[in-house]
Structures are given as C-alpha cells and as structure tokens.
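The values are calculated or read from the model by the stated rules, or taken from the named source; none is laboratory data. These figures come from a predicted structure and were not determined experimentally. Counting neighbours? That spans all protein chains shown, and the Cβs are built from the backbone with ideal geometry, glycine included. Surface areas here come from the heavy atoms of the whole protein model, side chains and all, with no ligands, DNA or RNA. Shrake-Rupley method; radii C 1.70, N 1.55, O 1.52, S 1.80 Å.
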Amino acid sequence: MYVPRDKVSANGQDAPMNHPRPCFALIVAAGRGVRAGEGLPKQYRELGGMSVLRRAVNAFVVHPAIDGACVVIGAQDHGAYEAATRGVALLPPVAGGDTRQMSVRRGLDALKDHGPATVLIHDAARPLVDAAIITAVVRALETFAGAVPVLAAADTLKRVTDLTVVTTVPREGIAISQTPQGFRYSEILAAHHNAVDLALTDDAAVAEHAGLLVATVPGARQNFKLTTAEDFAMAEALLAARRKSRTGQGIDVHRFGPGDHVWLCGVKVAHTHGLIGHSDADVGLHALTDAILGAISKGDIGQHFPPSDDRWRGAPSHVFLAHARALASEMGARIEHVDVTLISELPKISPHRAAMIARIAELLELDEDRVSVKATTTEGLGFTGRSEGIAAQAIATVSLP
Ligand code: MG
C-alpha cells in the first residue's frame, strides 16, 4: 500500500479516517544525543525558537487522527522535559531504558491502561515530521498491522571499509526508513516482548521479526533525524524559510501644551512645551506600538489601553510597547525591524536619535541595527509646521512561524 503524498492535504484533515482508534503517539526522547554537540541532549535544544521535543510532540498533539501522546524520557531529564512541554496536553512521561528498544517497550507497557488500538512510535529527533506523513501512516493501519514511512535511496550505495570501496550495493528495492512507524497496538506490544534479547534498530524491524506485515508509505526528506550540528543548521534554515513576513504601520499625533520637556521614543527631551496626552504622550512609542499590533493583527493601542481607564493616566509608554511585544512573542512572532519617523519643527531630534534607537532596541530586545528612528519637518506647513504638535509614523516588520 502506498498513499501518494499529493493525495494527502498538508494538515492531514482532508477526509475522515477509519483507522482503529484510539490511536496514541509514543515519542521516544530518552537518548543522550552526544553527537550534535555539548550540553543538553539534542531533543531539548532550541530549534527555530522552540525545543526539538516540543516541535515533534506538537505535530502529533494537533493531528486529528491522534487521540493522545506520551513521551519516553531519560531518567535525569524530568526538569528539561517539563520546561520543553509546558502547556502541551500529554500523558505523564515514561522513564526510558538503556537502549531505544527498551525505551519503546516501556512506553508501550505504559500505554496499556489507555486501551490503544493503534500506536505511532516516533523519534523526538525528527521534529520536522508533517501532518501528511502521520495521516499516511494511520491510513495504512486501516489495512496493515504496521506501516513505515520510507524514502527511496537516491544515491548509489557502497559497501566500504574505512578507506576504500569494497563493492556497490544494488539500489533496487532498497529504501531508507523514517518514523513515525505505526502499528496495531497489541501486535507490536507482543512483538517487543518477544524481541527482548535482540538488538534491533527500529520498531519495523521488531514487527518484521514477529512476522507482521508492514506497509510502506511515503516519507519526506525534511523528516530527517537530527544527529549532527550540520543537521541542526539545515533544520534551522528550513524553518527560517517557512516563516511568514508581516508588516504593520502606526500613526500618532499629540498636541503641544504647557511644560518643559517631551517624551519621544522613550527618551526625555527638554523643550519649551510639553505634549498633552492621557499617558506620557510619547507619539513615537505610540505609533510604534500600533505598528507592531498591526503586524500581528491584534487591534490598536486604544483597544488595549482605553483612554477612559484611569490606570493609564500618566503611564510611561514603554508599558504599551512591552504589551505589544509580549502579544507578538506569545504568537511565536519575531520582530525583525522597526522604523519610526518623528514629524515636527522642534525640538531637534538628531542630538537624541542614538539614545532613542538604543531605548527602543532595549525595550524590544532587538539589535540596534534592526531599529531606525528618523525625523522630518513639514517645511512650515500644516499643524506640525505651525508647531501645534508632533506627529509620528512607524512601520514594523515581523515574522511568524
Ligand atoms: Mg498617542
């Protein structure tokens, strides 16, 4: 059985699925992953702003064919696991064993109480698994006892010693297996308990040893296993290419009134007048806050901080900017660049420009080369030309996962 990838929608939700249910995902994350570099095991490292494990787990948790998910972890990794999976609906983690095979067996045993009909076993180190592969595997379980995603071997295969080629291995009929590998639960549980003394490298091998019929479904090149530092770099590049760019703009105006200073872009600037406003009347930060809210389609500053609310009377405007920034990061959005233009005859902006850029960079936790502050006059024309007030415009560019 081979379900072509173009027959499966990207989100895996194109048609009802009749695979035996409940269907559980067992994510194997007990390895130490020493080859990918020092520090934490690779499944807990950050990849595109999210841990490898969380990314892998999410693919299953959100899939409509999966009824529950459980992670097998290293005994010493409880803290890292809790941090990586906070807020994700998972069954309690299971402590793994010395080998992958032992870890899977323990995970399968732990699922028994939930009465699974089918189980998908997946390596946490394959965080780029997509919904189409999961769908293809569960569909195959409507007919077969097991299913494994495979890739054709595109390169010519050689049997080698350390230094030389021994022979060329015929490529025909050779495939590279990936995960998730799906099985009827009772069959794979029995197969694992009958293979305790064998050293097998994937669950399909355990199933084959038990004589189960294992279907192949199309894998995907991007569903590769993170092993080396180079693999991490490749996965980072793939995720970066997938990010969507969004732009928002903001405009604000405040009227001059009595006073001896104005707040502009978070910097106090001495002036012959002040700016009138409910808060500190920082037109620069107000325009910028609206630009960020616009880029993430989250309304405007007046909606989040109504002028009718006394809490914001005299408030420093960095509070508003911090709120927009927090909303953005909750969505996984990254602020890529901001550009603010202040429009007034006076005060002169140029002496304060560097301080304004530094302050905005600090507030948004951005490098200064991602922050621009510009100033212009209107050649004596209009309300800014008559020095009745200051206007500001801002543009924010963000990227979303
Ligand atoms: Mg304002």
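A few remarks follow.
- Derived from the Cα gyration tensor, the three semi-axes of the equivalent ellipsoid of region 7-241 are 25, 23, 20 Å, largest first.
- Across the chain, the convex hull enclosing all Cα atoms gives 203 Å³ per residue.
- For region 221-279, the fraction of alpha-carbon pairs lying more than 17 Å apart is 63 percent, rounded to a whole number.
- Take every DSSP beta bridge whose two residues both sit in region 7-241; close to 45 percent of them are antiparallel.
- Candidate residues Asp290, Asp113, Asp369: accessible-area rank, largest first, probe 1.4 Å: Asp113, Asp369, Asp290
- Just the protein heavy atoms count here, and of the accessible area of the chain at 1.4 Å, carbon and sulfur take up 53 percent.
- DSSP beta bridges in the chain [antiparallel fraction, %, rounded to 5]: 65 percent
- For Arg221 and Asp113, the FRET efficiency from 1/(1 + (r/R0)^6), where r spans their Cβ atoms and R0 equals 35 Å, is about 0.40.
- Accessible surface, the chain, averaged per residue in Å² (probe 1.4 Å): 48 Å²
- Residue-count net charge about Ala84 - beta-carbon cut-off 13 Å; Lys, Arg +1, Asp, Glu -1: +2
- Whether region 244-400 is rounded, prolate or oblate, judged on the alpha carbon gyration tensor where a/c under 1.5 counts as rounded: prolate
- Judged by the mean number of other Cβ atoms found within 10 Å, the most tightly packed of the peptides 249-260, 167-178 leads the ranking 249-260, 167-178.
- Gain upon complete extension [Thr247, Thr143; 0.36 nm per residue less C-alpha separation]: 32.7 nm
- Across all directions, the shadow cast by the convex hull of region 146-212 built on its C-alpha atoms averages 5.9 square nanometres.
- Largest first, the residues Thr272, Thr135, Thr227 sort by 1.4 Å accessible area into Thr272, Thr227, Thr135.
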